[in-house]
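Below: one structure, written as structure tokens.
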Amino acid sequence: MIEDEAYKKKGLIISWFREIAVAGVFLTRLPFRIASPVKVSDLGSAVHMFPVIGLIAGSLGAAAFWIAAQIGLNSIASGGIGLAAVIWITGALHEDGLADFFDGIGAWDRDRRLQIMRDSSIGAFGVLALIFAIVVKVSILADLHTNGVAFSALIAAVAISRGMMPLLMYFMKPARADGLGSEAGRPSGEAAGMAVIISGLISVIIFDGWLSILILFSAAIAVIGLGLLAQRRLGGYTGDVLGAAQQFAEIAVLLVAGAYAV
């Protein structure tokens, strides 16, 4: 009996590490090693590890932020370097989704919107969305740096925002018959819920009292709001919608943290 329990625990730990690696392969440039090949269909069962991957990426970004500040760079430059580190680590995956989403969402019909979003080129609306997002985030991080909470806020924003993406994957249907949404598959309610729970734990650890609840609530509202827009304009979600949702949630977390710190 004891040996069976130990075997089960070992198998569970191995499963956790694989799921972290699967999520890491898709969401970052980091060198995660997996014994067996990874397919897009593996992503649905690994969504509860999205906030863990965000925690890793956010921590590395915060470290870059801290180093930049230590060598004497001003708060804007330091915040920009911290954010740039996160973007590099994640391969600008979500920023690309944000740009594509804004390029396509204004087209006249659904098919044209999806066609534009699949196009690899970037248009004026996509460029403006990226500029706005980066300026807002760097500005907030620079202000938070003077209050001494910029590092923790960056970690929380990167982690919690990724933990909200599974909500769309669970509650919405893919907008296309092909692509990331359909290939990844619908995650289980348990996996999506676990992603939110882990995000909540991160928020509680980093922020105090009601602020931790408000942070989590704001991220969820940002993702749900974008999801409703995507449902109306696209009939479901795509990989670009998930990327845009992550960016919305990240900005929401920083906005609330920034407002509270003032």
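The values are calculated or read from the model by the stated rules, or taken from the named source; none is laboratory data. Since the structure is predicted, the reported quantities are computational estimates derived from the model, not experimental observations. With ideal geometry, Cβ positions are generated from the backbone for all residues, glycine too; neighbour counts draw on all protein chains shown. Each accessible area value is taken on the protein alone, full model and side chains, heavy atoms only, with ligands, DNA and RNA left out. Shrake-Rupley method; radii C 1.70, N 1.55, O 1.52, S 1.80 Å.
Per residue, the stretch 147-262 exposes 42 Å² of solvent-accessible protein surface, assessed with a 1.4 angstrom probe and all protein chains in place. For Y237, the residues 5 or more places off, or on other chains, whose built amide H falls under 5 Å of its own are K173, A175. In order along the stretch 108-114, the Karplus-derived 3J(HN,Hα) couplings, from 6.51 cos²θ - 1.76 cosθ + 1.60 at θ = phi - 60°, round to 6, 10, 4, 4, 5, 4, 5 Hz, and Gly and Pro are given as x. Each residue of the stretch 227-239 was assigned a 3J(HN,Hα) from its phi angle through the Karplus expression (A = 6.51, B = -1.76, C = 1.60, θ = phi - 60°), giving x, 5, 5, 5, 5, 6, 8, 10, x, x, 10, 10, x Hz with x at Gly and Pro.
Couplings 3J(HN,Hα) for the stretch 156-171, derived from phi with the Karplus relation 6.51 cos²θ - 1.76 cosθ + 1.60 (θ = phi - 60°), are 5, 4, 5, 6, 5, 4, 6, x, 8, 4, x, 4, 5, 5, 7, 8 Hz, where x marks Gly and Pro. The H on the amide N of G91, modeled in the peptide plane, is under 5 Å from the matching H of R29, each at least 5 residues off or on a different chain.
Calculated mean residue ellipticity, 222 nm, the chain: -26000 deg cm²/dmol, from DSSP H runs (n ≥ 4) at -39500 (n - 2.57) each, averaged per residue and rounded to 500. Within the accessible surface of the stretch 179-253, defined with a 1.4 Å probe on protein heavy atoms only, the carbon and sulfur portion equals 70 percent. Sum up the charges of everything whose Cβ sits under 12 Å from the Cβ of Q231, counting Lys and Arg as +1 and Asp and Glu as -1, but leave Q231 out. Within the 12 Å Cβ shell, the charges total +4.
Relative contact order of the chain, taken over Cα pairs closer than 8 Å and 6 or more residues apart, is 25 percent.
Using Cβ point charges alone (K and R +1, D and E -1), the dipole size of the chain about the Cα centre works out to roughly 240 debye. The GNM of the chain, with springs linking C-alpha atoms under 10 angstrom apart, assigns the highest mean-square fluctuation among E183, E95, E250 to E183.
Taking packing as the residue-averaged number of other Cβ atoms within 10 angstrom, the listed peptides 107-117, 221-231 run from highest to lowest as 221-231, 107-117. Legend: calculated FRET efficiency, A261 to I131, from the Cβ-Cβ distance at R0 = 22 Å, rounded to 0.05, equals 0.35. Surface composition of the stretch 40-81: carbon and sulfur atoms hold 71% of the protein heavy-atom accessible area at a 1.4 Å probe. Peptides 85-94, 47-56 ranked from most to least packed by the mean count of surrounding Cβ atoms within 10 Å: 47-56, 85-94. Remark on the stretch 66-218: ratio of C-alpha radius of gyration to 2.2 N^0.38 Å is 1.19.
Shape descriptor for the stretch 180-262: Rg over Rh equals 1.02 (Cα atoms; Rh from the Kirkwood inverse mean 1/r).
Simple rule: put +1 on each Lys or Arg Cβ and -1 on each Asp or Glu Cβ in the chain, find the dipole, and look at L30, M165, A259; the Cα lying farthest toward the positive end is M165. Of the residues V241, W108, A84, the one whose Cα sits farthest toward the positive end of the charge dipole of the chain, with +1 on the Cβ of Lys and Arg and -1 on the Cβ of Asp and Glu, is W108. With kT/(6 pi eta Rh) evaluated at 20 °C and eta = 1.002 mPa s, and Rh the Kirkwood radius from Cα pairs, the chain diffuses with a coefficient of 115 µm²/s according to Stokes-Einstein. Label-to-label distance for A124 and L30 is 4.0 nm, based on points extended 7 Å past Cα in the beta-carbon direction. Other residues within the sphere of radius under 10 Å centred on the Cβ of L154, judged by their own Cβ, net out at 0 (K and R +1, D and E -1).
Note on the chain: dipole from Cβ charges, positive end direction compared against A69, S152, S45; the farthest Cα belongs to S45.
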